[in-house]
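All remarks here apply to the structure that follows.
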Amino acid sequence: MTTSTSTSTSTRTPTGELSATAARHLLLNMTPNGSLGPEGENLLVIRRGEGPYIVDADGRRYIDGLSGLYCCQLGYSYGPEFAEAAEKQLRELCYSPLWTSSAHPTAIELAERLSRIAPVGIEHTFFSSGGAEAVETAWKIARRYHALRGEPGRTKAIARRGAYHGLTIGTLSLTDDPGLTEPYGPPAIHTRFVANTNRFGLAPEYADDGLYTARLLAELEAAILAEGPETVAMLIAEPVQNRGGCITPPQGYWQGLRALADRYGFLLVADEVITAFGRLGEWFGGDRYGARPDMVTVAKGITAGYAPMGATLVSQGVVEVINRPGAVLNHGYTFAGHPLSAAIALRSLEIMERDRILENVRDLQGHLAGRMSSLADLPIVGDVRGAGFFYACELVGDHEDGGFGDAARADLIVDLIPRRLREAGLLARVYNRSAPLVQIAPPLISDRALLDRIADILAETLAEASARI
């Protein structure tokens, strides 16, 4: 066997050739791939990362204002530590499935570690390869749980309007976005969508948490009764809803969800694919709001983006049912709990504790909240909302109802704002679906100076946009 000493294509190919090769061969996620141009002219090629920054193939550095895709909690400078953990694991065991009465030590250790930081009552973990798989696992476990309890008719789910829970055929059923769901036909799961917790644009009296929570829970209970409580298997919600712009819950909301789940017998699932592992200053974002779910879905930050992994964390009460003698959980994934990913996740949790990452978010979240709140003074900013290191500005336009005409939307949301942010060295998310939004979710290692720089760039960009509406 010979060993090549040539430089890899990805390190020696000029940027233009890389982009052209991508246009010919690479299909990107959630992208109008035909708009990249025949030579990939509109493609941003990221070559490396350093701290909270990423560097493109031309050597230009950007603040990673979205932590990759809400994954890179630790930024990009812990590579040597993760490489050490990966090498140790790969030298010992490269692969072993969690299948048919077989397991391996690293997955066992990670499951035990997660049980120590999980919400109250959550003791067990079912591993997967990512967030959509984790959500689909929660659905299957819910169905199995109810069937074993003699209620196979619980075949419906409840989710919230505007929510996103994944892109598999199963999880698309729980995702409320016609642009994503309609191309693929009828949903696999009958899902009833109820109001999310966005107060922007509502009557002033709903600024009162008690009144607003009561309204939301009353609507939810009415939906449960309309569907038939005996048909509902689970309700799924994010502690802070990502789609729609970092939508936080009012006080008492999650306690109300728990009460309704107990009253009507369905399971409560907290989708923490984005909000877990420090994004809101807690191991699990639901802890910030007093959530007591039956299951928690996670991915992204569990490995800080250094390897793919998802997981469904399950309460003792649910496991006692699905583990009844003779019961079989006929569900699994080839790469669930992969030794490499499990080793990376363990090292990530170790680093987060050692380097006091949660404490950094808690120490600086008030400062970031203040800087972000000040953006509401700009004419184009209708609302600012979020928590921890997770914020969005909802933008308002040139119409009396606050909307954008086609020309203004194309000028500002599609062109000016994303272009100016990138020119200023900030990668953030600019939504051009439903409500127009600018969103940030910086790495959890960010210091005060970096957060100030992010806020300054947003202020400068949105001020320029305000002058054009």
*asked:* When you check Arg385 against the structure, is it open to solvent by 50 Å² or more (accessible area, probe 1.4 Å) and over 16 Å from Glu464 (Cβ atoms), yes or no?
replied: no
*Say whether the condition of being under 19 Å from the mean Cα position of the chain (by Cα), under 24 Å from Asp64 (Cβ atoms) and surrounded by 18 or more Cβ atoms within 10 Å (Cβ to Cβ) is met by at least one residue in segment 313-332.*
no
_Restricting to segment 178-196, give me the number of residues that are modelled with pLDDT of 95 or more and in contact with a Lys or Arg (Cβ under 8 Å, 6 or more places away or on another chain)._
8
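Which residue out of Ala342, Ala291 is over 29 Å from Glu205 (Cα atoms), in contact with a helix residue (DSSP H, G or I) (Cβ under 9 Å, 6 or more places away or on another chain) and open to solvent by less than 10 Å² (accessible area, probe 1.4 Å)?
Ala342
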*asked:* Quick check on this structure: which one of Gly185, Gly162, Gly179 is without any contact (Cβ under 8 Å) to a residue 12 or more places away in the chain and among the small types (Gly, Ala, Ser)?
replied: Gly185
*What number of residues within segment 414-458 satisfy the criterion of being part of a helix (DSSP H, G or I) and either open to solvent by 30 Å² or more (accessible area, probe 1.4 Å) or of a type in the set (D, E, K, R) (or both)?*
12
*Quick one: Leu257 ticks every box in (1) more than 15 Å from Gly162 (Cβ to Cβ); (2) open to solvent by 10 Å² or more (accessible area, probe 1.4 Å); (3) of a type in the set (A, V, I, L, M) bar one, so which box is it?*
(2)
*Here are some conditions: (1) among the hydrophobic types (A, V, I, L, M, F, W, C); (2) under 20 Å from Gln255 (Cα atoms); (3) in contact with a Lys or Arg (Cβ under 7 Å, 6 or more places away or on another chain). Leu148 meets all but one. Which one does it not meet?*
(2)
*Answer yes or no: is there a residue in segment 327-345 that is among the β-branched types (Val, Ile, Thr) and within 24 Å of Tyr431 (Cβ to Cβ).*
no
*Going by the conditions given, is Arg47 modelled with pLDDT of 80 or more, among the charged types (D, E, K, R) and either in a strand (DSSP E or B) or surrounded by 15 or more Cβ atoms within 10 Å (Cβ to Cβ) (or both)?*
yes
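Would segment 156-175 turn up any residue that is over 20 Å from Met234 (Cα atoms) and surrounded by fewer than 19 Cβ atoms within 10 Å (Cβ to Cβ)?
Going residue by residue through segment 156-175, those that are over 20 Å from Met234 (Cα atoms) are none.
No, every residue in segment 156-175 fails to be over 20 Å from Met234 (Cα atoms) and surrounded by fewer than 19 Cβ atoms within 10 Å (Cβ to Cβ).
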*For Gly405, all conditions in the list (1) touching a His at 6+ places or on another chain (Cβ under 8 Å); (2) open to solvent by 40 Å² or more (accessible area, probe 1.4 Å); (3) farther than 25 Å from Arg60 by Cβ hold save one; what is the number of the exception?*
(2)
*Does Ser374 satisfy the condition of being of a type in the set (Ser, Thr, Tyr) and surrounded by 23 or more Cβ atoms within 10 Å (Cβ to Cβ)?*
no
*Among the listed residues Arg243, Arg279, which satisfies the condition of being out of contact with any Cys (no Cβ under 7 Å at 6 or more places or on another chain), basic (Lys, Arg) and over 23 Å from Ile117 (Cα atoms)?*
Arg243
*Hey, any hits in segment 381-392 for a residue that's in contact with a Leu (Cβ under 9 Å, 6 or more places away or on another chain), β-branched (Val, Ile, Thr), closer than 22 Å to Gly244 by Cβ and part of a loop (DSSP other than H, G, I, E, B)?*
no
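What number of residues in segment 153-186 are small (Gly, Ala, Ser), assigned to a loop (DSSP other than H, G, I, E, B) and under 16 Å from Asn29 (Cβ atoms)? Lay out the reasoning, then the answer.
Taking segment 153-186 and keeping what is small (Gly, Ala, Ser), we get 153, 157, 159, 162-163, 166, 170, 173, 179, 185.
Narrowing further to those that are assigned to a loop (DSSP other than H, G, I, E, B): 153, 162-163, 166, 173, 185.
If we keep only those that are under 16 Å from Asn29 (Cβ atoms) too, we end up with 166.
Residues that pass the stated criteria total 1.
The values are calculated or read from the model by the stated rules, or taken from the named source; none is laboratory data. Given the structure is predicted, the values throughout are model-derived calculations rather than measurements. When we count neighbours, we look across all protein chains shown, and the Cβ atoms used for this are built from the backbone with ideal geometry, even at glycine. SASA here: full protein model, heavy atoms, side chains in, ligands and nucleic acids out. Shrake-Rupley method; radii C 1.70, N 1.55, O 1.52, S 1.80 Å.
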